[in-house]
Amino acid sequence: GVVVLSRHPMRWRERRFGASKSALVADVEVGSRSVRVIAVHLTSDRASDAERKRRGQLEAALELAQEAREGLVMGDFNSASDGISELYEGARFEDAWVALRGSEPGYTFIPRLNRLANLTTVSGAQRRLDRVLWRSTGGALRPGHVEVRGQGLDSLSDHEPVVAAFDLERRACQL
């Protein structure tokens, strides 16, 4: 499942992508502004036709985020490639990790360090499967910080958490 936590008031709803996948759509109210936050857990490689399913799910999530002036799409993309960067860049979204950390790997799936990842991996490869994307039509929303926090959470997930903080109109706001 997915979750959105915020210290700011929000309204949310679920958007189904089929029988087993969905996104959480939250409109977070920060002062007089609203930020649309979409939390996703896209189809894994273990599913048949996974790449096509992931692309369709991501397209739907990006469209939902584009309905707002400021939007975030974040979560487990279950893909380190599949041409997803072309898809979100085409929709004018940017990757917070790339914007702030450049070519640092930012691995979130690390089988050699995470017990659950080690149990579920097929290849053993480290990969950056989790992302935080953002789009701001007026430039009011910008990433201020992003990091991967691996703090012994392997009993909770096979992925390491990504923590991101964004600035909205010069005021720091952690979503």
Can you grab the distance from the C-alpha centre of segment 97-153 to the C-alpha centre of segment 19-60, Å, no decimals?
16 Å
Going by amide H atoms built from the backbone, whose H comes under 5 Å of the H on Ser22, apart from near neighbours?
Phe17, His41
Residue by residue through segment 90-101, which ³J(HN,Hα) values in whole Hz follow from phi under the Karplus form 6.51 cos²θ - 1.76 cosθ + 1.60 (θ = phi - 60°), with glycine and proline marked x?
x, 8, 6, 9, 10, 8, 4, 4, 5, 4, 9, 10
Share of antiparallel DSSP beta bridges in segment 15-132, in percent to the nearest 5?
65 percent
Of all accessible heavy-atom area on the chain, the percent that carbon and sulfur account for (1.4 Å):
47 percent
Relative contact order %, the chain, counting alpha carbon pairs below 8 Å whose residues are six or more apart
18 percent
Just how large is the dipole of segment 1-52 about the Cα centre, in debye to the nearest 20, putting +1 at every Lys and Arg Cβ and -1 at every Asp and Glu Cβ?
180 debye
Over segment 41-175, give the accessible area per residue in Å² for a 1.4 Å probe, as an integer.
52 Å²
Treating only Lys and Arg (+1) and Asp and Glu (-1) as charged, each at its beta carbon, one finds that the chain has a dipole about its Cα centre, in Debye to the nearest 20, of 280 debye
Please build a GNM for the chain, connecting alpha carbons under 10 Å apart, and tell me which residue among Ser20, Ser34, Ser79 fluctuates the most.
Ser20
Calc'd 3J(HN,Hα), segment 42-54, phi into Karplus 6.51 cos²θ - 1.76 cosθ + 1.60 (θ = phi - 60°), Hz, glycine/Pro = x, comes to 6, 4, 8, 5, 6, 7, 5, 6, 4, 4, 5, 4, 4
Add -39500 (n - 2.57) for each DSSP H run of 4 or more in the chain, then divide by its residues: what number comes out at 222 nm, to the nearest 500 deg cm²/dmol?
-6000 deg cm²/dmol
Once the dipole of segment 37-166 is set up with Lys and Arg at +1 and Asp and Glu at -1 on Cβ about the Cα centre, which of Gly75, Thr120, Val98 lies farthest towards its positive end?
Thr120
Are there trypsin sites (Lys or Arg not before Pro) in segment 67-134 that DSSP puts in a loop and that have at most 14 other Cβ atoms within 10 Å, and which ones?
Arg92, Arg112
Between (1) 19.9; (2) 18.9; (3) 16.5, which entry matches Kirkwood radius over Cα pairs in Å as derived from the coordinates of this structure?
(3)
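The values are calculated or read from the model by the stated rules, or taken from the named source; none is laboratory data. Because the structure is a prediction, the values reported are computed rather than measured. Cβ coordinates were reconstructed from backbone atoms using ideal geometry, including for glycine residues, and neighbour counts include every protein chain displayed. These area figures cover heavy atoms from the full protein model, side chains too; ligands, DNA and RNA do not enter into them. Shrake-Rupley method; radii C 1.70, N 1.55, O 1.52, S 1.80 Å.
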